């Protein structure tokens, strides 16, 4: 029996949400192993697997949630500008708007930053 075909809906769901891993059939078991970015994504895959009544006997799954690395930050010093920070941290002074866009929760103008502000740096 082709379990990959039987669980194609779940496999397509996993692909759609960015599951990093695979589904390999060994004998009468489909081994699903990989990572996702959130518990919600993990649960979505499990719900898709469980739509097939035989899932308990067919599936061996190891789906792990891998948190993204923590965001990098920069503490503004006297004399800093977003362009200078962009050049020093991102390697390109023209990327200052990326820093601004990542910090619109605390910045309303890219020309108005203050010493002591902790800015998130884009990936």
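By the gyration tensor of its Cα atoms, with a ≥ b ≥ c the square roots of the eigenvalues, what is the shape of segment 3-65: rounded for a/c under 1.5, prolate for a/b over b/c, or oblate? Let's see the in-between values first.
Numbers: a/c = 1.74, a/b = 1.50, b/c = 1.15.
Since a/c reaches 1.5 and a/b is larger than b/c, the shape of segment 3-65 is classed as prolate.
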Could you tell me the distance between the Cα centroids of segment 36-57 and segment 65-123, to the nearest Å? 38
Additional length obtainable on full extension of the chain from residue 52 to residue 75, 0.36 nm per residue less Cα span: 3.1 nm
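Would you calculate a helix-derived [θ] at 222 nm for the chain, using -39,500 (n - 2.57) for each DSSP H run of n ≥ 4 and dividing by the full residue count, to the nearest 500?
Numbers: 6 runs with 45 residues, N = 123.
Helix-only estimate at 222 nm: -9500 deg cm²/dmol.
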Just to be sure I understand: of the beta bridges DSSP finds with both ends in the chain, what percent are antiparallel, rounded to 5? 60
Computed on Cα atoms only, the convex hull of the chain has an orientation-averaged projected area in nm² of 9.8
As an exercise, use a Förster radius of 22 Å and the Cβ-Cβ distance of residue 17 and residue 62 to find the FRET efficiency, rounded to the nearest 0.05. 0.85
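Let me make sure I get this right: for segment 72-121, a, b and c are the square roots of the gyration tensor eigenvalues over alpha carbons, sorted descending. Under 1.5 in a/c it's rounded, otherwise prolate if a/b > b/c, else oblate. Which is it? Intermediate results must be reported in sequence, preceding the final value.
Values: a/c = 1.36, a/b = 1.15, b/c = 1.18.
Since a/c stays below 1.5, the shape of segment 72-121 is classed as rounded.
Values quoted throughout were computed directly from the atomic coordinates according to the rules given, and no laboratory measurement underlies them. The model shown is predicted, which means the values in this text are computed figures rather than measured ones. No Cβ is skipped: glycine too gets one built from the backbone with ideal geometry, and neighbour counts run over all protein chains shown.
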